[in-house]
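Peer 1: First the structure, then my questions, so here it is.
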Amino acid sequence: MSIKKILFPTDLSAGAEAARELALALARRFGAEVVFFHAVLTHANDLRQFGALLSDFVGKLETEAERRLEQETSQLREHGMVVRYEVLQAPEAFQAILERTTAWKPDLIVMATHGRTGMPRWFLGNVAEKVLRHAPCSVVTVRPDEETRRGREGYDGFKCILVPVDFSDNSRRAVAQACELAAENTSIVLQHVVHNPTLSGLAAGEHLRLFSEEPTLPDQIRGQMEEWMEGQPFDPQVTEADDVAGSILEMAEAKEADLIIQGARGQSGFEHFLTGSVAEKIVRASPIPVLTVK
């Protein structure tokens, strides 16, 4: 995937700062243009009720947002970046982001998983989740505390990228994206998790494990990974787990990964994406950025 256009939706809160830094780092890496996008919510029902009073207030919010973004983007342009901003009034943030995505056709959206309310699932539940479901392009989600984790180091390139693979087409695209993002010193970890759910009525140690029944299976899976990587160095990991998402997040922690790249849909089909699926659980729980490839 060639990254030439990056859309960065922001609510101008501190929670969006880590996503901003990642968007700019990717723009520097690929020479991409970045659009800072802010929607001033109008709440149409309130406008009808309070009329000119609320309309004037919303206008002031729009002016203040433009002032802040003009100052921020002008500083970036002085440092040679191709960056601009757009501010508009809209009744719903998600719809405004989706319409801007449809019109501008970015290659990538980079956004925080929650915004100014500080509630861990507010932004994800009401905006980011909808963007993940409906945007035609790939999306990076970043938790606000990612900024604290990185401290002052910033995004100077990914040291370790974890790619969960289920050998679907989207999984293959995720692997290709990892290879494109990887620098010379980046390690790529490919992980395939064999799901072994515990059967009702059996103790945890009593249910069958596929690797015990098919001991050659891990080698077969690693062999397919090698075909996908086409000679590029990588770290193959084949695991069994009752909780697939949990196993992936544990692997990310064990390998000290700083990015997870996953396909938007797996072999279960698109209708299961972000409706209790592995992809949704990873996006919601990951302490590091997650790139969901479409």
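The values are calculated or read from the model by the stated rules, or taken from the named source; none is laboratory data. The shown structure was predicted, so the numbers you read here are calculated from the model rather than taken from an experiment. Note: ideal-geometry Cβ built from the backbone for every residue, glycine included; neighbour counts use all protein chains shown.
Peer 1: Determine if region 180-188 includes at least one residue that is loosely packed, with under 15 Cβ neighbours inside 10 Å, modelled with pLDDT of 65 or more, over 16 Å from Q262 (Cα atoms) and outside the structural domain of D242 (by TED's automatic domain parsing). Quick ask: steps written out before the conclusion?
Peer 2: First, pick out the residues of region 180-188 that are loosely packed, with under 15 Cβ neighbours inside 10 Å: 180, 183-185.
Add one more test, that the residue is modelled with pLDDT of 65 or more, and what stays is 180, 183-185.
Narrowing the set further to residues that are over 16 Å from Q262 (Cα atoms) leaves 183-185.
Applying the additional criterion that residues be outside the structural domain of D242 (by TED's automatic domain parsing) yields none.
Looking for residues that are loosely packed, with under 15 Cβ neighbours inside 10 Å, modelled with pLDDT of 65 or more, over 16 Å from Q262 (Cα atoms) and outside the structural domain of D242 (by TED's automatic domain parsing), one finds none in region 180-188, hence no.
Peer 1: Based on this model, can you work out whether A135 counts as closer than 17 Å to A264 by Cβ, hydrophobic (A, V, I, L, M, F, W, C) and at pLDDT 60 or above?
Peer 2: Criteria met by A135.
Peer 1: Return the residue satisfying two criteria in turn: it lies in region 221-250 and is charged (D, E, K, R) and touching a Pro at 6+ places or on another chain (Cβ under 7 Å), and of such residues it is nearest to C160 (Cα to Cα).
Peer 2: R222
Peer 1: Take region 251-264 and flag every residue that is in contact with a Pro (Cβ under 9 Å, 6 or more places away or on another chain) and buried (at least 22 other Cβ atoms within 10 Å of the Cβ).
Peer 2: Across region 251-264, the qualifying residues are A252, L259, I260, I261, Q262, G263.
Peer 1: For a quick check of your reading of the model, give me the residue pairs whose first member lies in region 214-225 and is more than 14 Å from E240 (Cβ to Cβ), whose second is part of a loop (DSSP other than H, G, I, E, B), with beta-carbon atoms closer than 8 Å and at least 6 apart or on different chains.
Peer 2: Final answer for the pair search is Q224/F167; M225/V165; M225/F234.
Peer 1: Here is a follow-up. Inside region 88-107, can you point out the residues that are closer than 27 Å to V283 by Cα and either of a type in the set (S, T, Y) or in contact with a helix residue (DSSP H, G or I) (Cβ under 7 Å, 6 or more places away or on another chain) (or both)?
Peer 2: Matches in region 88-107: A90, P91, A93, F94, I97, L98, T101, T102.
Peer 1: Output the residues belonging to region 189-207 that are surrounded by 11 or more Cβ atoms within 10 Å (Cβ to Cβ) and at pLDDT below 85.
Peer 2: Kept after step one, since they are surrounded by 11 or more Cβ atoms within 10 Å (Cβ to Cβ), are these residues of region 189-207: 189-196, 198, 207.
Scanning region 189-207 gives H195, N196, T198, H207.
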